[in-house]
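Structure record follows, encoded as structure tokens.
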């Protein structure tokens, strides 16, 4: 049954109500004879069934009385096992709507929401609605979130003061990832990211663009810098997009431009069909060597894998100064150059963004990702401030000092360097009144020689490995020299 006519008196009180069979009436013929129909017509559900039930209010005694009752139907009644599929019985109650909204906002797929609620209620027949009802409800909910158009709603959602604060703290190095077109409009998505003081990923902002031209990227970079108070990054990392490279040269001429090693590895897998090549190629990307050794190893790889005539290898070699660590080791990039950083951003996109997303969906999902990243930072802050690590190295004086001045994640990196210092040999090469130069070699491998210079007057340390310049942490060679010089505290120049 379903509600039909209702009659009210002058005061708005209901005085008559009619209930009819859900198959009462007939579909208007104009909806059946459409010539320009874009999709198949819905199945007919009405049969002009005469069954009805009408009641009226008797003013004299104030009692409702039956005024009309037609019992007979002109169709078979729906069997009990199909009753839950009758449209009149399908509706989402308030508690269902709240639960669906929360699950949808968290990113749970609609099909999984349906299965979850059916499981809660003991089966699909007890859910109270069908999968189509659920999809229609979610579509209406998504449309209700969009005010003044999808793009305008997204723009109103873009303002994030915490991202601006993070950028001013950690925005010296910014990674631009341009590889995504995962939204309903197939528009390129750019994510601006960096690393915080825990070595964790931090998102500074994002942009959905109309195209991938140099002019569009120039506008994006100019808008990003303006939104961040005019502060330009000192170094940028991209996936090698040529249009973005041109835009960076125009908008950020003083920034060091580095190509992302993770994307370079992906390109290598696509262009060089040799599983053993990638291992050797990764060494060229990340190993801490000099330029002469790089050229020697490059030639050896070409010969080993028969790539002398490879066009891709030729083009990659031309840009070596933008991706090999040996050319960039005196530039600070922190942890953002690492493979895990780029993999984390890609995992973020795969989890939170899909091709069905509208602009407002994307902004909502990005906000969820930001909250997750910031919660991870909060947890790392707690561990750094309130949990004391156990000292495990023989150079406890350095280890304990590092635990007090560095966040827990960075401390672990420094502790690894302190441990390595125990397996190094050191000898004095030259000395003056204020300066001394050391040769530091690995135990059992004297060919791996690093030079450490110590300015005793200014308490400055420098090492030829350039770990401090590129990562911001003291290297094992410096710790070895500090031990030799009997220095018991970190100098300010290494903090």
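The values are calculated or read from the model by the stated rules, or taken from the named source; none is laboratory data. Not measured: the values here are computed from a predicted model. Heads up, the Cβs are rebuilt from the backbone with ideal geometry, glycines too, and the neighbour counts pull from every protein chain shown.
All but one of (1) at positive phi; (2) touching a helix residue (DSSP H, G or I) at 6+ places or on another chain (Cβ under 8 Å); (3) surrounded by fewer than 18 Cβ atoms within 10 Å (Cβ to Cβ) hold for residue 334; state the number of the condition that does not hold.
(3)
Cβ-Cβ below 9 Å, separation at least six or inter-chain, first residue in the range 285-312 and not assigned by TED's automatic domain parsing to the domain that holds residue 469, second exposed (fewer than 13 other Cβ atoms within 10 Å of the Cβ) and in a loop (DSSP other than H, G, I, E, B): which pairs?
302/308; 304/276; 305/276
Is the range 64-84 home to any residue that is part of a helix (DSSP H, G or I), in contact with a strand residue (DSSP E or B) (Cβ under 6 Å, 6 or more places away or on another chain) and within 30 Å of residue 16 (Cβ to Cβ)?
Taking every residue of the range 64-84 in turn, none turns out to be part of a helix (DSSP H, G or I), in contact with a strand residue (DSSP E or B) (Cβ under 6 Å, 6 or more places away or on another chain) and within 30 Å of residue 16 (Cβ to Cβ).
If residue 492 passes every condition in (1) at pLDDT below 95; (2) within 28 Å of residue 199 (Cβ to Cβ); (3) touching a helix residue (DSSP H, G or I) at 6+ places or on another chain (Cβ under 9 Å) but one, which one does it miss?
With respect to (1) at pLDDT below 95; (2) within 28 Å of residue 199 (Cβ to Cβ); (3) touching a helix residue (DSSP H, G or I) at 6+ places or on another chain (Cβ under 9 Å), residue 492 is out only on (3).
Output the residues belonging to the range 90-115 that are surrounded by 11 or more Cβ atoms within 10 Å (Cβ to Cβ) and more than 26 Å from residue 363 (Cα to Cα).
90, 91, 92, 115 - these are the residues of the range 90-115 that are surrounded by 11 or more Cβ atoms within 10 Å (Cβ to Cβ) and more than 26 Å from residue 363 (Cα to Cα).
Search the range 229-248 for residues being over 15 Å from residue 175 (Cα atoms) and in contact with a helix residue (DSSP H, G or I) (Cβ under 6 Å, 6 or more places away or on another chain), and hand back the single one that is modelled with the lowest pLDDT.
So the residue we want is 243.
Each row is one residue, and each column tells you yes or no for (1) outside the structural domain of residue 487 (by TED's automatic domain parsing); (2) within 21 Å of the chain's Cα centre (by Cα); (3) in contact (Cβ under 8 Å) with a residue 24 or more places away in the chain; (4) surrounded by 14 or more Cβ atoms within 10 Å (Cβ to Cβ).
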| site | (1), (2), (3), (4) |
| --- | --- |
| 362 | yes, yes, yes, yes |
| 366 | yes, yes, yes, yes |
| 377 | yes, yes, yes, yes |
| 380 | yes, yes, yes, yes |
| 385 | yes, no, no, no |
| 388 | yes, no, no, no |
| 402 | no, no, yes, yes |
| 407 | no, no, yes, yes |
| 410 | no, no, yes, yes |
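Identify all residues within the range 48-86 that are touching a residue at least 40 places away in the same chain (Cβ under 8 Å) and in contact with a helix residue (DSSP H, G or I) (Cβ under 8 Å, 6 or more places away or on another chain); write none if there are none.
If the condition is that a residue be touching a residue at least 40 places away in the same chain (Cβ under 8 Å) and in contact with a helix residue (DSSP H, G or I) (Cβ under 8 Å, 6 or more places away or on another chain), then 81, 84 are the ones that fit.
Could you list all residues from the range 116-153 that are at pLDDT 80 or above and closer than 13 Å to residue 361 by Cα?
Across the range 116-153, the qualifying residues are 138, 139, 141.
Could you run through the range 209-222 and say how many residues are more than 28 Å from residue 318 (Cβ to Cβ) and at pLDDT 90 or above?
2
Filter the range 209-239 down to residues that are crowded, with 17+ Cβ neighbours inside 10 Å and part of a loop (DSSP other than H, G, I, E, B) and give me whichever is nearest to the chain's Cα centre (by Cα).
Across the range 209-239, the extreme among qualifying residues is 239.
So residue 428 ticks every box in (1) loosely packed, with under 13 Cβ neighbours inside 10 Å; (2) at pLDDT below 95 but one. Which box is left unticked?
(2) is the only condition that residue 428 fails.
Out of 168, 198, I need the residue that is assigned by TED's automatic domain parsing to the domain that holds residue 247, assigned to a loop (DSSP other than H, G, I, E, B) and modelled with pLDDT of 85 or more. Which one? Break it down into steps so the answer makes sense when it comes.
Details: 168 fails: assigned to a loop (DSSP other than H, G, I, E, B).
None of the other options fit; the residue is 198.
Quickly run through the range 103-123 and pick out the residues that are assigned to a loop (DSSP other than H, G, I, E, B) and within 18 Å of residue 368 (Cα to Cα).
Matches in the range 103-123: 106, 107, 108, 109.
Going through 281, 294 one at a time, which residue ends up being assigned to a helix (DSSP H, G or I), crowded, with 16+ Cβ neighbours inside 10 Å and within 29 Å of the chain's Cα centre (by Cα)? Reasoning before the result, please.
Values: 294 fails: within 29 Å of the chain's Cα centre (by Cα).
281 is the lone residue from the list that is assigned to a helix (DSSP H, G or I), crowded, with 16+ Cβ neighbours inside 10 Å and within 29 Å of the chain's Cα centre (by Cα).
Out of curiosity, is residue 23 under 51 Å from the mean Cα position of the chain (by Cα), at pLDDT 85 or above, surrounded by 10 or more Cβ atoms within 10 Å (Cβ to Cβ) and in a loop (DSSP other than H, G, I, E, B)?
Here the answer is yes, as residue 23 does meet what is asked.
Would it be correct to say that residue 47 is within 22 Å of residue 132 (Cα to Cα) and assigned to a loop (DSSP other than H, G, I, E, B)?
No.
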